[in-house]
Amino acid sequence: MTLIDNNSPIGVFDSGIGGLTVVKHLRDLLPHEDIVYFGDTARLPYGTKSEDVVKRFAFEDSHFLLEHGVKIIVVACNTVGSTAIHLLEEHLDIPVIGVMQPGADASVNKTKNKKIGVIGTSTTIRSEKYKQRIFELDNSINVVDQACPLFVPLVEEGFFEDEATHLIAKRYLEKFIENHVDTLILGCTHYPMIKNTLQRILGEDVVMVDSGEETAKVVKRYLESNNLFSSKSIKSGLKIYVSDLSHKFQEIAERFLQNSLSHIETIDFEQFLLEKGKDFRDHINKILIKDI
Ligand code: DGL
């Protein structure tokens, strides 16, 4: 591992705006930590793409953050978490924390009737990583899951409490009502933005597990136990980079973070990759071939 500077920022990435739900919790819990965020909006969604493509994107996004000198990478994307986290952990030189394990662990602590629901993108649900982690902790739990591919575009459009979102959510959530789940994992970082709509359909008694909230706690514990807290006493800075800036991004991001954003920059990601060059591409190819 490279020598880490405590005052370096925390790096966070997602395919789009969803990872900001994790940033919100990180900022609440760790107000003196600077954060650099990358949302790969030009290539969103990740959740419908093949595993190989998602793995490649995961390395490219991570390297963008590494160039900003981050001290730790938070993978604020369940889709990447379910396909590539092991590769990032193995091949990056700094610590990597994903959102899946904290969410799964919290759900096992919260369920009373041992019936847990999981929603996520198609890739996340197909990977069965949430199920596997829950069974590792308690194999008597009944896990019901459902891919909800239409949620991500609704969130990116800012349709948090819209009638269309309500109708689609009703279809997706039917089986959780039929199976009496008492705990639902929001297995995609976009979903906390439509939590109210989901809660209205499932009823107040169903506990929603926001993986981002649980992940922020894990990041805090990690920084603490490795003496990696920033020594800054001023409120942290947040820099957001996106690979495509839609006209709605800033408005939706500010609504969610409840803060005005001064630094949002669009980067030409294709150019970034071109500049990284052939050696970088070959390096990723080698890792991917070995992982088959
Ligand atoms: N927010 C991401 C996740 O947690 C992925 C959304 C997407 O790009 O499909 O899975």
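Structure data summary
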read-out	value
Ranked PHE249, PHE151, criterion: other C-beta atoms within 10 Å, fewest first	PHE249, PHE151
Positive-end residue of HIS180, GLN258, CYS148, charge dipole of the stretch 116-258 with Cβ unit charges	GLN258
Other-chain or far-sequence residues with amide H under 5 Å of THR41's (modelled H)	SER243, ASP244
Pairwise centroid distance, computed over Cα atoms, of the stretch 103-161 with the stretch 200-229, Å	14 Å
Relative contact order of the stretch 154-292, defined on C-alpha pairs under 8 angstrom at six or more residues apart (%)	20 percent
Derived scalar couplings ³J(HN,Hα) [the stretch 171-183; Karplus, 6.51 cos²θ - 1.76 cosθ + 1.60; whole Hz; x for Gly, Pro]	5, 5, 8, 2, 6, 6, 5, 4, 8, 6, 5, 9, 9
Principal-axis tilt of helix 100-110 within the chain, Cα atoms, nearest 10 degrees	30 degrees
Proximal aspartates and glutamates relative to LYS278, as straight alpha-carbon distance under 16 Å, when same-chain residues fewer than 8 apart are discounted	GLU60, GLU270
Total charge dipole magnitude, the stretch 101-170, about the Cα centre, Cβ charges on Lys, Arg, Asp, Glu only, Debye to nearest 20	480 debye
Ranked LEU184, LEU257, LEU223, criterion: other C-beta atoms within 10 Å, fewest first	LEU257, LEU223, LEU184
Rotationally averaged projected area of the chain (alpha carbon convex hull; nm²)	14.9 nm²
Contour excess over end-to-end distance, with Cα ends at ASP52 and ASN6 and 0.36 nm allotted per residue	13.2 nm
Sorted by Cβ neighbour density within 10 Å, fewest at the top, the residues SER82, SER243, SER15	SER243, SER82, SER15
Of LYS248/LYS290; LYS129/LYS217; LYS71/LYS175; LYS217/LYS276, pairs whose Cα-Cα distance is over 32 Å	LYS248/LYS290; LYS71/LYS175; LYS217/LYS276
Most mobile listed residue (ILE85, ILE35, ILE94) in the chain, GNM with C-alpha springs under 10 Å	ILE94
At 1.567 mPa s and 4 °C, Stokes D of the stretch 60-139 from Kirkwood alpha-carbon radius, µm² per second	95 µm²/s
Degrees, to the nearest 10: 51-66 long Cα axis against longest axis of the chain	50 degrees
Separation between Cα centres of the stretch 246-268 and the stretch 1-71, rounded to whole Å	15 Å
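Every number in this text was worked out from the coordinates using simple rules, so none of it is lab data. If you're wondering where the values come from, they're calculated on a predicted model, not measured in any experiment. So basically every Cβ, Gly included, is an ideal-geometry build from the backbone, and we count neighbours across all protein chains shown.
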